[in-house]
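The structure appears below as C-alpha cells.
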Amino acid sequence: MSEKKTMEKKPIRDLLNEKDAFLTTSEKLQEYLLRHTKGVIITVAAVALLIVGVALYLNHQEKAEAEAIVAYENSLDKFAASEKDGIAALEKVRTDFAERKASRLAAFRLLSIYVANKELDKALPLAEDLLKTIKPAEAALKPALLVNLGGLYEDKKDYQQAAKSYETILSM
C-alpha cells in the first residue's frame, strides 16, 4: 500500500506546471468574452432596455390605477353632495377607466343606486354586463348579482328571465 501512495504523488515541479481547472475555465470564459464582445454588449444592452421598459410600463400602470381610484373616490364625494352629479361622475369613471379596478367599483356602485331608485332600464343592462364580465376574483359576488338580476326581472314582470337567474344560482 505504501508503494501505491508514493506512486500517486507527483513532484512539486509537475504540479506547478499543471493548469488549475478554475484557471483554465476562467481563461476560456475570458477568451470567449473577448471574441464575442460585441454580442455580449448587445445582449446586456437589450436586457437592460427590457428591464427599463418593464419598469416604466409597471410604473405607468400603477399611476393610472391610482388616478382611477382617486376619480372613483371623488365621484363618491360628489354623490354625497348631489346624487345626480355623483351618478354622472360614476358613469365617467366607468367610461374613462374601463380597464381599471375603479371602473368595476363604479359599475357595482351604480348598480346599487339604480336598484335602489328602481331604474330598471339602467340597472338591467348594467347587471347583465357585470354578470358577463365577472372576474374569477369576484366569483363570490356572482350569486348576489344573480339575485339582484332576478329581482330586477321580477320588477319588470319578466318572470321567465327571473326564474332563469334564480335557477342559475341553484346550479352553482
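The values are calculated or read from the model by the stated rules, or taken from the named source; none is laboratory data. Values in this document were obtained by computation on a predicted structure and should not be read as measured data. Every residue, glycine as well, gets a Cβ built from its backbone with ideal geometry; the counts of neighbours run over all protein chains shown. Ligands, DNA and RNA are stripped out before the accessible areas are found, and what is left, the full protein with its side chains, is counted by its heavy atoms. Shrake-Rupley method; radii C 1.70, N 1.55, O 1.52, S 1.80 Å.
A Cβ distance below 7 Å, combined with a sequence gap of six or more or placement on separate chains, defines the contacts here; from the range 146-172, residues that are closer than 14 Å to P125 by Cα and without any contact (Cβ under 8 Å) to a residue 40 or more places away in the chain reach residues that are open to solvent by 40 Å² or more (accessible area, probe 1.4 Å) and among the aromatic types (F, W, Y) in the pairs G150/Y166. Give the range 133-155 a look and list any residue that's more than 25 Å from D77 (Cβ to Cβ) and open to solvent by less than 50 Å² (accessible area, probe 1.4 Å), or say none. Answer for the range 133-155, where residues must be more than 25 Å from D77 (Cβ to Cβ) and open to solvent by less than 50 Å² (accessible area, probe 1.4 Å): I134, P143, L145, L146, L149, G150, G151, L152, Y153.
Yes or no, residue by residue, for (1) open to solvent by less than 60 Å² (accessible area, probe 1.4 Å); (2) under 28 Å from A64 (Cα atoms); (3) within 23 Å of the chain's Cα centre (by Cα); (4) at pLDDT 90 or above:
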{"position": "A102", "(1), (2), (3), (4)": "yes, yes, yes, yes"}
{"position": "R109", "(1), (2), (3), (4)": "no, yes, yes, yes"}
{"position": "I113", "(1), (2), (3), (4)": "yes, yes, no, yes"}
{"position": "L120", "(1), (2), (3), (4)": "yes, no, no, no"}
{"position": "L126", "(1), (2), (3), (4)": "yes, yes, no, yes"}
{"position": "L131", "(1), (2), (3), (4)": "yes, yes, yes, no"}
{"position": "K157", "(1), (2), (3), (4)": "no, no, no, yes"}
{"position": "Q160", "(1), (2), (3), (4)": "no, no, no, yes"}
{"position": "A163", "(1), (2), (3), (4)": "yes, no, no, yes"}
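Whenever a residue of the range 62-78 is closer than 13 Å to R94 by Cβ, its partners that are polar (S, T, N, Q) and surrounded by 15 or more Cβ atoms within 10 Å (Cβ to Cβ), lying with C-beta atoms within less than 9 angstrom and at least six residues away or across chains, give the pairs A68/S103; Y72/S103.
Cβ-Cβ distances below 6 Å connect the following pairs, each with a first residue in the range 84-103 that is within 18 Å of T133 (Cα to Cα), a second residue that is at pLDDT 90 or above and open to solvent by 40 Å² or more (accessible area, probe 1.4 Å), and a separation of six or more residues or different chains: R100/E65; A102/I69; S103/R94.
Looking at the range 1-75, the helices (runs of 4 or more DSSP H) lying wholly inside it that each contain 3 or more residues that are open to solvent by less than 90 Å² (accessible area, probe 1.4 Å) and at pLDDT below 85 sit at 21-35. For the range 89-100, filtered to residues that are surrounded by fewer than 18 Cβ atoms within 10 Å (Cβ to Cβ) and at pLDDT 90 or above, the residue that is nearest to E154 (Cα to Cα) is E91. If you go through the range 130-157 and pick out every residue that is out of contact with any Asp or Glu (no Cβ under 8 Å at 6 or more places or on another chain) and within 19 Å of N117 (Cα to Cα), you end up with 14.
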